[in-house]
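Q: The structure under discussion is supplied below as structure tokens; questions concerning it will follow.
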Amino acid sequence: MKNEIKFIGLGEKELETLSKDMLLSLNLKEMKEIQEHYKNLGREPAQIELETLAQTWSEHCKHKVFNALIDYVEDGKVEKIDSLFRSYIVKATDEAGKKKKDFLVSVFSDNAGIVKFNDEFNIAFKVETHNHPSALDPYGGANTGIGGVIRDVLGCGLGAKPIANTDIFCFGEFDMPAKDVPKGILHPKRIAKGVRAGVRDYGNRMGIPTVNGAILFEERYLGNPLVFCGTVGIIPKGMETKAAKDGDLIISVGGKTGRDGIHGATFSSIELDESTSAAAVQIGNAIEEKKVLDVILQARDRGLYTAITDCGAGGFSSAVGEMGEELGAEVHLEKAPLKYEGLAPWEIWVSEAQERMVLSVPPKHEKEFIELCANEDVEATVIGEFVKTGMLKLLYNGEIVGDLEMDFLHNGGPRRELKAKWENKKEEKISIKTGNLGEDLRKLLSHPNIASKESTIRQYDHEVQGGSIIKPLVGAENDGPGDAAIVRPLLDKNDGVAIANGINPMYGDIDPYWMAASAVDEAVRNIISVGGNLEGIALLDNFCWGNPEKEDKLGELVRTVKGCYDTATAYDLPFISGKDSFYNEFILKGKTIAIPGTLLISAIGVMKDCRKRISMDLKEEGNLIYVVGKTFNEMGAGHFALLNGIKEGAVPKVRFKEARKNFESLVKAIAVGGKNDERIVRACHDCSEGGLGVAIAEMAFAGMKSAEIELGKVLQEEEIKEDAVILFSESNSRFVVEVNAGKKKEFEEIMKGCEISEIGEVSGGNELAIKGLSGKEIVKENLSELKESWKKTLRW
Amino acid sequence: MKPKAIVLRTAGTNCEYETNHVLKMVGFDADNVHINELIRGDKKLLDYQMLVIPGGFSHGDYLGSAKILANKMTYKLGNDIPEFIEKGNLVLGICNGFQALVKSGILPGFGGNYKKQETTLTMNDSGHFQDEWIEMKNVNKGKCIFTKDIDFIIPCPINHGEGKFVAPKEIMGKLKSNDQVVFKYVKNPNGSYEDIAGICDESGRVLGLMPHPEKYFTHLNSPQSTRTEISNEAAGLAIFRNAFGYFK
């Protein structure tokens, strides 16, 4: 065979060197298994074959860490974990699926997870990460990050129509002095602006509303910013499954193939350093993808193809390999349309050039399909066919350049065996001297993680497609921080989808288990806050981690996954898809900086009637203010602690049983009534970063209605003796709720047996007034000034 | 028979879905048609009574907003659109559609010359794309058929990066004296001259505007609907109802 690599005679050292030199990112065990395979075949592998194996077996495509055998030691106790994925994530989904009959349509098996929406449609959801590319080329990385996840949704089942995007970013500290930024790293503010522009220019051009997101700043993201891009899609019932048939043509649709993005999949499993090149980053073109989207939805509805997938990581090699897994395929690489001449066959095969989809089209539909594409100036090219041989045969100008067994490609590869450890730390409750709490509140509102993201949100189109119901910014002046967003994808129906996220990586510094529980809890609270319910919620889990070969890093991951499982099962919530990104570490002058292990929980909440929506801004003078949920002394890793350099304190926990009861009753209370003044609950806001103090301030300045509350009335753990703790503790499972003054009895009746406390009322004037435990007024702040504190930080 | 509307789309159009929905809501039959279908002759403009060019980023707006689409309208469709207008039909351009009408010269269409560009829509003063709800008021004195009897403020979103309306002084004067100014922003979001949000041609049958009335077709769209009770007859519908009424 052409381009054979001298391989079967190599020793261990040489195999390792070869993996490194060819950027295969395969470890010795994997290289040896490949060597064994070719020894049995009695020939050397072709370069293209090694490349294909490396792509297919890459961490990016195969999730080797989540499927590994792990020896986990917690406080000296040994536990054998046979796949984190199966033992926790899938298990949680299976358990929830048993209780939510018909809700789960397609989970973990496709590019995106699919759940039931109504009797005619299902909803698909996927969140991807695009971290490494965004570190090197923020604009291009974010562009192709969003382009990629849109194609995931377009390529799930027989193709879902994207209806909303969500984007979550973690950056280094934006106000870092330029001289302190190490060589080879872009300044966090430059990365932030580039990523924002990249998402804006791609998402807006695609005509998909960006309705939800979050931005966090922390110094450990300096060399490894995180860019999570998510897309929600809608797909007609019955179109969730696909299967290429023997004899179907392999058609590449959309962009041409170039040398951009070679080794993207394997590159994502390497630690970055000062010398990493940007050539592995793909180049995006939104309009090309929009054209592809337009023709594919038409072809789908005409039934012109049997299967579809996107060309993402690994390019054709992954797409064709995946679609032909059960069959076999023959690909004529010279037929792929190229951006320019000079690509080697293996480069065509693994290039991650953007805006390409691969479809299997029965020969009888070839003409109609190609014509449909041509009519809208979309290039569609037959590059081969699916044939029932069990082999992946690659040809270039008639010559065989690669010939791989599908079975070895997909089922070969050794399982990883890893070690993990975790030591529980003793947590101490802390006592905080109460100073000027008004000033503390203003500082918290100005904290970049809490501060208004308006300057970013307003650069994204969140109205396109006409389904925007609860917008990212709400309130009297359309500038308050909405909890979840709601979209109504079918313009003549009232079914809605709420979209939210939960992320709090700092809690992981104390205990990743509670970080995970908090993230799930937060995402759920956001959905409930706008009128959603537990029955309609499905979750995605995205893990961005450091090097999993380090025992302590993997130990943190195990704790996190356990937290995911326990919280999801406590609320009967399924995970429907997810993603992991490892090796988010940066080597600087020989020193490794790892990101904090970061879990993003994204949630969709299907709502039968989106007219039941509510927003978080205070509405009417005289209405009552309640806190749902109990406040504990949990100041650890919260934003008050971060601001004041406090390292101690207990991390917020979740009391599953009590939380669930609170959630279920609150959902009922929110659903009562039709017109605004018939509603029991007029406003509801999730209590999260900055605790009760920030939540009530946000509600007041969003509604431009003053509020008077008393901390002594807040349901709290007995031993709390300090105003600052009640005001700023970030205890989970809490909401601040505005209750219609005339419906107090009805509210309390519905909330019977739940943790609620009436803490004050919406009052006249333009101030937030808070009485402390002593009964004395401890905060009296002008709403416009509070709002300005919140708005000023990120006005760039 | 229902009047028929054609929603003209091309690569990068992205508001055809909700535009089509609103047209049907008020009584039109509406088809989304790719410009290539008109160019090839598969579909005929004259089979329709109203042409709507919806929002989006036609051809990426890479040569300036809607420039490529405008060129296609001028050079590939030739006289089709002017003839369509002269026959008494309606044309509505929203956002990118307004940009296409302005850049092809269909608006302001002085003296019935629909091929001379007199004004433009350029980068917002902010320098970037903006998404926000604005309020616009009808200032037309009676020429524009789309705004008949609209004496109320219409809130609706703007979603554009290049929405700043600019024109030389004499053109501004002519627009005013001809009663071709239709919508003004209550609070100018983008630096448009004299707060202009939309203009019509001399016949009053061609309207172009930057804001998106089609995105305010139910009270649920309004960002204020959780605060105050809003009529389900959303203000954005009025423009489309007038267009429908024209054919009754």
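The values are calculated or read from the model by the stated rules, or taken from the named source; none is laboratory data. Computed from a prediction, not measured in an experiment: that's the story for all the values here. Note that we place each Cβ from the backbone using ideal geometry, even for glycine, and neighbour counts take in every protein chain shown. Ligands, DNA and RNA are stripped out before the accessible areas are found, and what is left, the full protein with its side chains, is counted by its heavy atoms. Shrake-Rupley method; radii C 1.70, N 1.55, O 1.52, S 1.80 Å.
Q: Please enumerate the residues belonging to the range B:127-143 that are open to solvent by 50 Å² or more (accessible area, probe 1.4 Å), within 14 Å of another protein chain (Cβ to nearest Cβ) and out of contact with any Pro (no Cβ under 9 Å at 6 or more places or on another chain).
A: Within the range B:127-143, B:His128 is the sole residue that qualifies.
Q: Considering each of A:Ile163, A:Ile146 in turn, give the residue that is outside any strand (DSSP E or B), closer than 30 Å to A:Tyr221 by Cβ and either modelled with pLDDT of 95 or more or in contact with a strand residue (DSSP E or B) (Cβ under 6 Å, 6 or more places away or on another chain) (or both).
A: Just a single option satisfies the conditions, and that option is A:Ile146.
For every residue, the table says whether it meets (1) outside any strand (DSSP E or B); (2) touching an Asp or Glu at 6+ places or on another chain (Cβ under 6 Å); (3) more than 14 Å from every other protein chain (Cβ to nearest Cβ).
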position	(1), (2), (3)
A:Ile208	yes, no, no
A:Leu216	no, no, yes
A:Gly223	yes, no, yes
A:Val227	no, no, yes
A:Gly238	yes, no, yes
A:Thr241	yes, no, yes
A:Lys245	yes, no, yes
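Q: Which of (1) away from every other protein chain (no Cβ under 14 Å); (2) closer than 21 Å to A:Cys544 by Cβ; (3) open to solvent by 10 Å² or more (accessible area, probe 1.4 Å); (4) assigned to a helix (DSSP H, G or I) is the odd one out, the single condition A:Tyr139 does not satisfy?
A: (1) is the only condition that A:Tyr139 fails.
Q: Give me the residue from the range A:623-648 that is over 30 Å from A:Gly765 (Cβ atoms), surrounded by 24 or more Cβ atoms within 10 Å (Cβ to Cβ) and of a type outside the set (A, V, I, L, M, F, W, C) and, out of that set, farthest from the chain's Cα centre (by Cα).
A: Per the criteria, the residue is A:Glu634.
Q: While we're on this one: Anything in the range B:1-14 that is more than 23 Å from B:Tyr216 (Cα to Cα) and either buried (at least 21 other Cβ atoms within 10 Å of the Cβ) or within 10 Å of chain A (Cβ to nearest Cβ) (or both)? List them, or say none.
A: B:Thr10, B:Ala11
Q: If you don't mind, another one. Among the strands (runs of 3 or more DSSP E) confined wholly to the range A:400-501, which include 2 or more residues that are modelled with pLDDT of 95 or more and over 27 Å from A:Phe171 (Cα atoms)?
A: Filter on the range A:400-501 gives A:417-422, A:468-470.
Q: Would a scan of the range A:294-305 turn up a residue that is open to solvent by less than 30 Å² (accessible area, probe 1.4 Å), closer than 17 Å to B:Phe57 by Cβ, within 14 Å of chain B (Cβ to nearest Cβ) and under 24 Å from the mean Cα position of the chain (by Cα)?
A: no
Q: May I pose another question? Pull up the range A:571-622, narrow it to residues that are under 29 Å from A:Leu491 (Cβ atoms) and surrounded by fewer than 20 Cβ atoms within 10 Å (Cβ to Cβ), then point me to the one that is nearest to the other protein chains (Cβ to nearest Cβ).
A: Step by step, filter the range A:571-622, then rank; the result is A:Arg611.
Q: (1) in contact (Cβ under 8 Å) with a residue 60 or more places away in the chain; (2) of a type in the set (A, V, I, L, M, F, W, C); (3) closer than 30 Å to A:Gly482 by Cα: which one isn't true of B:Val186, the others all being true?
A: Unmet for B:Val186, out of (1) in contact (Cβ under 8 Å) with a residue 60 or more places away in the chain; (2) of a type in the set (A, V, I, L, M, F, W, C); (3) closer than 30 Å to A:Gly482 by Cα: (1).
Q: A further question on this structure: Residues in the range A:110-136 that are assigned to a loop (DSSP other than H, G, I, E, B) and farther than 17 Å from A:Phe171 by Cα: how many?
A: Number satisfying all stated conditions: 7.
Q: Scan the range B:196-204 and give yes if some residue there is more than 10 Å from chain A (Cβ to nearest Cβ) and part of a helix (DSSP H, G or I), otherwise no.
A: no
Q: Let me ask another. What about A:Glu330, is it open to solvent by 10 Å² or more (accessible area, probe 1.4 Å), more than 14 Å from every other protein chain (Cβ to nearest Cβ) and part of a strand (DSSP E or B)?
A: Considered against the rule, which asks whether it is open to solvent by 10 Å² or more (accessible area, probe 1.4 Å), more than 14 Å from every other protein chain (Cβ to nearest Cβ) and part of a strand (DSSP E or B), A:Glu330 comes out as yes.
Q: On to the next question. Let me confirm something: among A:Ser455, A:Ser431, which residue is of a type outside the set (A, V, I, L, M), surrounded by fewer than 20 Cβ atoms within 10 Å (Cβ to Cβ) and more than 10 Å from every other protein chain (Cβ to nearest Cβ)?
A: A:Ser431
Q: Another question about this same structure. Which ones in the range B:42-68 are under 24 Å from B:Asp29 (Cα atoms), open to solvent by 20 Å² or more (accessible area, probe 1.4 Å) and within 12 Å of chain A (Cβ to nearest Cβ)?
A: Scanning the range B:42-68 gives B:Asp42, B:Lys43.
Q: Conditions first: (1) in a helix (DSSP H, G or I); (2) touching a residue at least 12 places away in the same chain (Cβ under 8 Å). A:Glu748 passes all but one, so which condition is the exception?
A: Only one criterion is unmet by A:Glu748, namely (2).
Q: Evaluate the following for A:Glu634: is it under 21 Å from A:Asn504 (Cα atoms), in contact (Cβ under 8 Å) with a residue 60 or more places away in the chain and of a type in the set (Asp, Glu)?
A: When the stated conditions are applied, A:Glu634 passes them.
Q: Output the number of the condition that B:Ala235 fails; it satisfies all remaining conditions of (1) assigned to a loop (DSSP other than H, G, I, E, B); (2) open to solvent by less than 10 Å² (accessible area, probe 1.4 Å); (3) more than 14 Å from chain A (Cβ to nearest Cβ).
A: Against the list (1) assigned to a loop (DSSP other than H, G, I, E, B); (2) open to solvent by less than 10 Å² (accessible area, probe 1.4 Å); (3) more than 14 Å from chain A (Cβ to nearest Cβ), B:Ala235 comes up short only on (2).
Q: Let me ask something else about it. Taking the condition over 26 Å from B:Gly55 (Cβ atoms) and either within 9 Å of chain B (Cβ to nearest Cβ) or buried (at least 24 other Cβ atoms within 10 Å of the Cβ) (or both), does A:Gly482 pass?
A: Against the criterion (over 26 Å from B:Gly55 (Cβ atoms) and either within 9 Å of chain B (Cβ to nearest Cβ) or buried (at least 24 other Cβ atoms within 10 Å of the Cβ) (or both)), A:Gly482 does not qualify.
Q: What's the number of the condition B:Thr228 fails, among (1) open to solvent by 10 Å² or more (accessible area, probe 1.4 Å); (2) within 14 Å of chain A (Cβ to nearest Cβ); (3) in contact (Cβ under 8 Å) with a residue 24 or more places away in the chain?
A: (3)
Q: Of B:Pro213, B:Pro157, which residue is closer than 30 Å to A:Cys610 by Cα, within 14 Å of another protein chain (Cβ to nearest Cβ), more than 13 Å from the chain's Cα centre (by Cα) and open to solvent by less than 10 Å² (accessible area, probe 1.4 Å)?
A: Of the residues listed, the single one that is closer than 30 Å to A:Cys610 by Cα, within 14 Å of another protein chain (Cβ to nearest Cβ), more than 13 Å from the chain's Cα centre (by Cα) and open to solvent by less than 10 Å² (accessible area, probe 1.4 Å) is B:Pro157.
Q: Please go through the range B:15-32 and pick out each residue that is within 12 Å of chain A (Cβ to nearest Cβ) and open to solvent by 10 Å² or more (accessible area, probe 1.4 Å).
A: B:Glu16, B:Tyr17, B:Asn20, B:His21, B:Lys24, B:Met25, B:Asn32
Q: On to the next question. With the requirement that a residue be of a type outside the set (D, E, K, R) and free of Cβ contacts under 8 Å to residues at least 40 places away in the same chain, what does the range A:775-789 give you?
A: Matches in the range A:775-789: A:Asn782 only.
Q: Scan B:Asp131, B:Asp125 and give me the residue that is in contact with a Lys or Arg (Cβ under 8 Å, 6 or more places away or on another chain), part of a strand (DSSP E or B) and charged (D, E, K, R).
A: B:Asp131
Q: Do we find a residue being crowded, with 19+ Cβ neighbours inside 10 Å and under 25 Å from the mean Cα position of the chain (by Cα) anywhere in the range A:31-51?
A: no
Q: Further question: A:Phe747 versus (1) farther than 25 Å from A:Trp514 by Cβ; (2) open to solvent by less than 10 Å² (accessible area, probe 1.4 Å); (3) within 14 Å of another protein chain (Cβ to nearest Cβ); (4) among the hydrophobic types (A, V, I, L, M, F, W, C): which is the lone unmet condition?
A: Against the list (1) farther than 25 Å from A:Trp514 by Cβ; (2) open to solvent by less than 10 Å² (accessible area, probe 1.4 Å); (3) within 14 Å of another protein chain (Cβ to nearest Cβ); (4) among the hydrophobic types (A, V, I, L, M, F, W, C), A:Phe747 comes up short only on (3).
Q: Within the set of pairs 6 or more residues apart or between chains, which connect a residue that is assigned to a strand (DSSP E or B) inside the range B:71-92 to a residue that is open to solvent by 10 Å² or more (accessible area, probe 1.4 Å) and modelled with pLDDT of 95 or more with Cβ atoms less than 6 Å apart?
A: Pairs that qualify, where the first residue is assigned to a strand (DSSP E or B) and the partner is open to solvent by 10 Å² or more (accessible area, probe 1.4 Å) and modelled with pLDDT of 95 or more, are B:Leu90/B:Arg205.
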